[in-house]
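A quick write-up on the structure given underneath.
Since every read-out is calculated from the coordinates, none of them should be taken as a lab result. Note that the structure is a prediction, hence the values are computed from the model and not measured. With ideal geometry, Cβ positions are generated from the backbone for all residues, glycine too; neighbour counts draw on all protein chains shown.
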Amino acid sequence: MPEGPQTLKNRNMKPSFFDLTHDDLKVVLKEKGFSPFGATQIFDWVYRKWIFEPALWSNVSKGAREFLSEHYDMSLLKIVWNGLSKDGTRKFLVKMVDGQTVETVAIPARERLTLCVSSQVGCAVGCTFCHTATQGLKRHLKPGEVVGQYIAVQDWLNKNTLEEKLTNIVYMGQGEPLHNYENMKKATQIFMQENGLALGQRRITLSTSGLVPAIEKLATDFPTVNIAISLHSARNDVRTELMPINKVYDIERLFKAIKQIPLKAHRRITYEYLLAADINDTQEDVDALAKLLNPKESKINLIPFNEYPGSKYKRPTEQKIMWFLDQMIKKGFTCTIRTTKGTDILAACGQLKSEFEKVNLWNKDAGPVVIPSIASSVLQNQSQIPQ
Ligand code: SF4
């Protein structure tokens, strides 16, 4: 729903506190005549104690608290909808200060709870299997809006669950993270900040569609994190059909850039391989993939296509999926199948946002409007829909 003039007028246009790294905050404090060491205490209040109200930061000088309250926006991104899947996946739609929304998904697996965050509103890459691609690129997210997804969801979990804690982050939501390079770099620094969330490099995975110039830059100035490449085919003609970016940065150029990523730090690179029936699931595809990748330096993650209304591809049969897996294992690869999570809550990237924009899920006067395909989760979670 577009915001009315009244909302726009009242919109808080101060810069977000969550855009600041620890070093940025030190500089801001120093410039204003406050002790830069206050930055450590402030990060401790915000990112460890989850206290976002400066007035409550008892060991921070009154002047610094007042300055930050006056000049920075401490508000969290607004969760406008959330749905819990039968498999424990919880999907959130978060709204930013300009009214744009993005999806973020908390996915439980063994002892982990991984948050899949978005990097852009929409996406310009245009993969033909992706629902987000149909929305085009609206804008890049700022660092605070990326970090803000984590803060808003963890804050929601703190208030609504029994001690569920996010442990890992993947940049695999809406958008191409390397197209938003500088903001994602800063968000990663904030995630990893020792005085703050202190997420280790093995807990963060950056997934890219293969933006070659940005991959070449990764080794020079991006914090060291796990890297996943959306490959989807080892054959140029098929990959170009699935991912038009391959016309510009084909497989040869992509792998030349990948070789520049220091593997000692990143251990093995994960290759995401979306399996679509009769597109990239044949013997020829198995052979091309085995020829392209080195089993010692690669992990393959097979993602059986998750059909959505209007999608042009089909999911292979379970038998075909298992056959593909078996072939890659026999060729010496570490190969896994990503279980489709949250199919009952529009898990395909971008689906929830699209449906939300078609129908206002929560209309204050009329009560929740139920979209048939997500009816069960909405009904299960009515008490969790913000009012
Ligand atoms: S799959 Fe990722 S990179 Fe490709 S269009 Fe969708 S959001 Fe963009």
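Across the stretch 1-124, Cα pairs under 8 Å and at least six residues apart give a relative contact order of 17 percent.
Taking every alpha-carbon pair under 8 Å whose residues sit at least 6 apart, the stretch 21-71 reaches a relative contact order of 27 percent.
Computed from the Cβ-Cβ distance with R0 of 41 Å, the FRET efficiency linking Ser35 to Val248 stands at 0.25. Estimated from the Cβ-Cβ distance and a Förster radius of 35 angstrom, the FRET efficiency linking Asp287 and Ala109 is about 0.70.
Taken one residue at a time, the phi angles of the stretch 297-308 give Karplus couplings (6.51, -1.76, 1.60, θ = phi - 60°) of 10, 10, 10, 10, 10, 7, 10, x, 4, 9, 5, 10 Hz. Gly and Pro are set to x.
Across the stretch 156-170, computed HN-Hα scalar couplings (Karplus, 6.51 cos²θ - 1.76 cosθ + 1.60, θ = phi - 60°) run 5, 5, 4, 8, 10, 10, 8, 6, 6, 10, 5, 10, 9, 10, 10 Hz from first to last residue, x flagging Gly and Pro.
Around the amide H of Ile300, modelled in the peptide plane, lie the amide H atoms of Tyr271, Thr334, Cys335, Thr336, all under 5 Å away and 5 or more residues distant in sequence or on another chain.
Put simply, the amide H of Leu113, placed in the peptide plane, has neighbours under 5 Å in Thr167, Asn168, leaving out anything fewer than 5 places away on its chain.
Stretching the chain fully between Glu70 and Thr334 yields a gain of 89.8 nm (0.36 nm per residue, less the alpha carbon separation).
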